[in-house]
Amino acid sequence: MNVARPPITYTEGKRFAWACIPVSAIVLALSVAAFREGKTGFFIAGLLLGGWAAVMGVLQFAMNRRHATMTVSDEGVRFADGLSVAFSDMEKITTINPFPHVFGSFLNIVIYVNPDVAVKQAGRSLRRAFCLTTVGGNISMVGKHKMFSFMTPGIRPISGAKMDQDAILEDLFARFDAVQNR
């Protein structure tokens, strides 16, 4: 008999913010150089892009570990936007690091669900526009497969013991296997 495990609520790390701050500084410096050369269009574009990246980085640091992005329980995965996918509705789960040569670890988790499962598409929000959340749904049909895919530059438990990505995936797969093997 399987013992019920407590659900784990995850939040996103601040890895994305560590990339935004230096990028914003470089883009802003390049926009100042464009202004000195009299290239006003490049100056304005660089100013907007650099300002956006700076705001993104600062907000990511400010909101770090404060907002739940997903909860994994013995029943399934529930996201902060209300989307819930039960393990019994899943066919399989695959994972990949889409950027293996980039510093830090990115994780893309693809959940294949049964074609008859009704799952709503995650909406767009201001938090997503500023990359304050990268965990969220993207439901797509590829051939006969309905997939739910999400990518994150690092998730970690809000409370409890710190987990690396291997431990997070091990917990996710163990819960999935427990439901599939009932």
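The values are calculated or read from the model by the stated rules, or taken from the named source; none is laboratory data. Just so it is clear, the model here is predicted, and its values are computed rather than measured. Quick reminder, even Gly has a Cβ in these numbers, built from the backbone with ideal geometry, and neighbours come from all protein chains shown. All accessible areas refer to the heavy atoms of the entire protein, side chains included, with ligands and DNA or RNA removed. Shrake-Rupley method; radii C 1.70, N 1.55, O 1.52, S 1.80 Å.
Checking HIS101 against (1) at pLDDT 70 or above; (2) open to solvent by less than 60 Å² (accessible area, probe 1.4 Å); (3) part of a loop (DSSP other than H, G, I, E, B), only one condition comes out false. Which one? HIS101 satisfies all of (1) at pLDDT 70 or above; (2) open to solvent by less than 60 Å² (accessible area, probe 1.4 Å); (3) part of a loop (DSSP other than H, G, I, E, B) except (2).
For residues that are open to solvent by 60 Å² or more (accessible area, probe 1.4 Å) and modelled with pLDDT of 75 or more, scanning just segment 66-95, find the one that is farthest from PRO157 (Cα to Cα). Once the filter is applied, the top-ranked residue is GLU91.
For the subset of segment 25-65 comprising residues that are among the polar types (S, T, N, Q) and either assigned to a loop (DSSP other than H, G, I, E, B) or open to solvent by less than 60 Å² (accessible area, probe 1.4 Å) (or both), which member is nearest to TYR10 (Cα to Cα)?
Taking segment 25-65 as the starting set, the residues that turn out to be among the polar types (S, T, N, Q) are 31, 40, 60, 64.
Retained after the next criterion (residues that are either assigned to a loop (DSSP other than H, G, I, E, B) or open to solvent by less than 60 Å² (accessible area, probe 1.4 Å) (or both)): 31, 60, 64.
Details: SER31: 37, GLN60: 15, ASN64: 11 Å.
Across segment 25-65, the extreme among qualifying residues is ASN64.
Among the residues of segment 127-139, are any assigned to a strand (DSSP E or B), modelled with pLDDT under 70, under 22 Å from GLU12 (Cα atoms) and open to solvent by 40 Å² or more (accessible area, probe 1.4 Å)?
Looking through segment 127-139, none of the residues is assigned to a strand (DSSP E or B), modelled with pLDDT under 70, under 22 Å from GLU12 (Cα atoms) and open to solvent by 40 Å² or more (accessible area, probe 1.4 Å).
Determine if segment 105-117 includes at least one residue that is modelled with pLDDT of 75 or more, surrounded by 13 or more Cβ atoms within 10 Å (Cβ to Cβ) and touching a helix residue (DSSP H, G or I) at 6+ places or on another chain (Cβ under 6 Å). Yes, some residue in segment 105-117 is modelled with pLDDT of 75 or more, surrounded by 13 or more Cβ atoms within 10 Å (Cβ to Cβ) and touching a helix residue (DSSP H, G or I) at 6+ places or on another chain (Cβ under 6 Å).
For segment 157-182, the set of residues classified as in contact (Cβ under 8 Å) with a residue 60 or more places away in the chain, in contact with a helix residue (DSSP H, G or I) (Cβ under 9 Å, 6 or more places away or on another chain) and open to solvent by 70 Å² or more (accessible area, probe 1.4 Å) consists of GLN180 only. Of all residues in segment 39-62, those that are touching a residue at least 60 places away in the same chain (Cβ under 8 Å) have Cβ atoms under 6 Å from Cβ atoms of residues that are of a type outside the set (A, V, I, L, M) and part of a helix (DSSP H, G or I), 6 or more apart or on another chain, in MET56/CYS20; GLN60/PHE16.
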